[in-house]
Amino acid sequence: MKTEKSTRPYKLCQQILSLTGINLQRQTLIGYTELHLVPTSDAQFRIISLNCKQCRVYKVVINDNFEAQFQYFDPTLEVCQLDFKKRSAEDFSASHQTALRLVDPDNNAGELKIRIPPEASYLIIKDRPFRVGIEFSLEQPNGGIHFVSPKVDGAPTEKPSQMFTFGWQNSSRLWFPCIDSFAEVCTWKLEFTVDESLTAVSCGDLVEVVYTPDMRRKTFYYSQTVPTAAPNIALAVGPFEVYVDPQMHEVTHFCLPPLLPLLKHVAKYFREALQFYEETLGSRFVYSSYKVVFVDEAYQDISSFASLTIMSVNFLHSYVQIDQTYITRQALANAISQQYFSSFISRQNWNDAWLTFGIADYLGGLYVWSICT
């Protein structure tokens, strides 16, 4: 894949994301993120451009000491800002492309513009990292995160409350400030505080779970040491049942409580597909752990992220449903192949998307062919 020189005068080396106020009933998030940036040249810069949509930003601080002014502007909220006499799909498409270029992270642009205060200018030194902390919240988002409510039109249902991230590529900006580009990878520290009855599943390795003194809430700490782009970071929260593969302890499955028997039946297909890819590629699985979460009302049947796959609950089935077996095994094969090509080996930009997705689909086809012959 072609490597292009970044137009950003800094490099992202690490990002910390902490969501402390996850409320499934109100569909709100309260969080804090900290980006560790390293200037890549001696040239001074005064503006930091980040991607951020839907979020309400309260405060931006440089190195914990200098509060910075910021400006939010999202041109995609009103694509046709002028009253055109001629309105057509072509005019809208051209205006939409212009709006996207204005917030394209690969062009050192974004919806959130942070101005470095003059008193903090001495921190901008080549190869010396500095930190940008952002306090934000999110209320009833229209995209990026989906909340499953136990009530439909005011009437209670049997669905338990749950939440998970979703969307097409470059959708992380919809739920936290970041550099939403596949070309910008870094290590991550992830912290999610939820109610005692809930489980938070995210990318990387689970380091620890810490309860609050009153034992009513707990915080999940994840560490992603493999450099990962923001679009490959995800989160799922719910009252999940946890099932660790008895033969491959690095693989953990999550589902809603009534579906655990079905999950145990389907889990063995993951093991077979994973072993096939390790033998075919001649290497171990690319991450030290792998998590699969089955959710209700999934936006896509399969959503692959770094060491995490979010799948539709419709793939779960019992041993008596013979027709569903082939469909499920094919989906699981594609989910694991996308961990190799799409999550671990990522693209530089959209022009390279065909390569990662193409190789992943090809590997999935090889596995399906192997079980059918």
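Tabulated data for the structure shown
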{"item": "Derived scalar couplings ³J(HN,Hα) [the range 349-362; Karplus, 6.51 cos²θ - 1.76 cosθ + 1.60; whole Hz; x for Gly, Pro]", "result": "8, 5, 5, 9, 4, 4, 6, 5, 5, x, 5, 4, 5, 5"}
{"item": "Label point distance in nm, SER41-ASN314, each placed 7 Å from Cα along Cα→Cβ", "result": "5.0"}
{"item": "Residue among LEU19, ILE62, SER93 farthest towards the positive dipole end of the chain, charges placed on Cβ", "result": "ILE62"}
{"item": "The chain: angle of helix 322-340 to the longest principal axis, Cα-based, in degrees nearest 10", "result": "40"}
{"item": "Burial order of peptide ranges 11-18, 175-182 (average beta-carbon count within 10 Å, highest first)", "result": "175-182, 11-18"}
{"item": "Expected 222 nm ellipticity per residue - DSSP helices of 4 or more, -39500 (n - 2.57), all of the chain, to 500", "result": "-7000 deg cm²/dmol"}
{"item": "Compactness of the range 168-226 - radius of gyration and Dmax, Cα, Å", "result": "13.7, 43"}
{"item": "Filtered GluC sites (Glu not before Pro), the range 181-217: DSSP coil and at most 14 other beta carbons within 10 Å", "result": "GLU196"}
{"item": "Relative contact order (%) - the range 217-286, alpha-carbon pairs under 8 angstrom, separation at least six", "result": "18"}
{"item": "Computed label-point distance, nm, for sites TYR58 and GLU90 using a 7 Å Cα→Cβ extension", "result": "4.9"}
{"item": "Rough spin-label spacing in nm, given labels placed 7 Å along Cα→Cβ, for TRP168 and ALA120", "result": "3.5"}
{"item": "Stretchable slack from THR212 to GLN300, in nm (0.36 nm times residue separation minus alpha-carbon distance)", "result": "28.2 nm"}
{"item": "Measure of compaction for the range 1-124 (Cα Rg per 2.2 N^0.38 Å)", "result": "1.29"}
{"item": "Rounded percent of accessible protein surface that carbon and sulfur make up, the chain, 1.4 Å probe", "result": "53"}
{"item": "Tilt relative to the chain, helix 89-102 - C-alpha long axis, 0 to 90 degrees, to 10", "result": "70"}
{"item": "Residues listed by number, the range 346-373, amide nitrogen under 14 Å from TYR326 label point at 7 Å toward C-beta", "result": "368-373"}
{"item": "Separation between Cα centres of the range 18-56 and the range 89-141, rounded to whole Å", "result": "10"}
{"item": "Taking the C-alpha atoms of the chain, convex hull volume expressed per residue in Å³", "result": "182"}
{"item": "Ordering of 129-142, 58-71 by packing [mean C-beta count within 10 Å, highest first]", "result": "129-142, 58-71"}
{"item": "Coil-residue trypsin sites (Lys or Arg not before Pro) of the range 181-255, DSSP, other Cβ within 10 Å capped at 12", "result": "ARG216"}
{"item": "Percent of Cα-Cα distances greater than 16 Å, calculated over the range 100-205", "result": "74"}
{"item": "Degrees between helix 260-281 axis and first principal axis of the chain (Cα, 0 to 90, nearest 10)", "result": "70"}
{"item": "Sites matching chymotrypsin sites (Phe, Trp or Tyr not before Pro) across the range 279-330 that sit in DSSP coil, with at most 11 neighbouring C-beta atoms within 10 Å", "result": "TYR319"}
{"item": "Under Karplus coefficients 6.51, -1.76 and 1.60, residue-wise ³J(HN,Hα) of the range 118-126 in Hz, glycine/proline x", "result": "x, 5, 9, 5, 5, 6, 7, 10, 4"}
{"item": "Surface per residue (accessible, 1.4 Å probe) for the chain, Å²", "result": "48"}
{"item": "Spread of Cα-to-Cα distances over 10 Å intervals beginning at zero, given as percent, for the range 201-319", "result": "12, 41, 36, 9, 1, 0"}
{"item": "Lys/Arg +1, Asp/Glu -1 at C-beta; the chain dipole; positive extreme among SER337, ASN170, THR40", "result": "THR40"}
{"item": "Out-of-range pairs (alpha-carbon distance over 19 Å; input LYS159/LYS264; LYS53/LYS218; LYS189/LYS218; LYS53/LYS113; LYS53/LYS159; LYS59/LYS126)", "result": "LYS159/LYS264; LYS53/LYS218; LYS53/LYS159; LYS59/LYS126"}
{"item": "Eligible aspartates and glutamates near LYS11 by straight Cα distance, threshold 19 Å, same-chain separation 8 or greater", "result": "GLU34, ASP42, ASP104, ASP106, GLU111, ASP127, ASP180, GLU184"}
{"item": "The range 162-182 versus the range 248-323: alpha-carbon centroid distance in Å", "result": "22"}
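The values are calculated or read from the model by the stated rules, or taken from the named source; none is laboratory data. Since this is a predicted model, take the numbers as computed values, not measurements. We place every Cβ from the backbone using ideal geometry, glycine too, and count neighbours over all the protein chains shown. Surface areas here come from the heavy atoms of the whole protein model, side chains and all, with no ligands, DNA or RNA. Shrake-Rupley method; radii C 1.70, N 1.55, O 1.52, S 1.80 Å.
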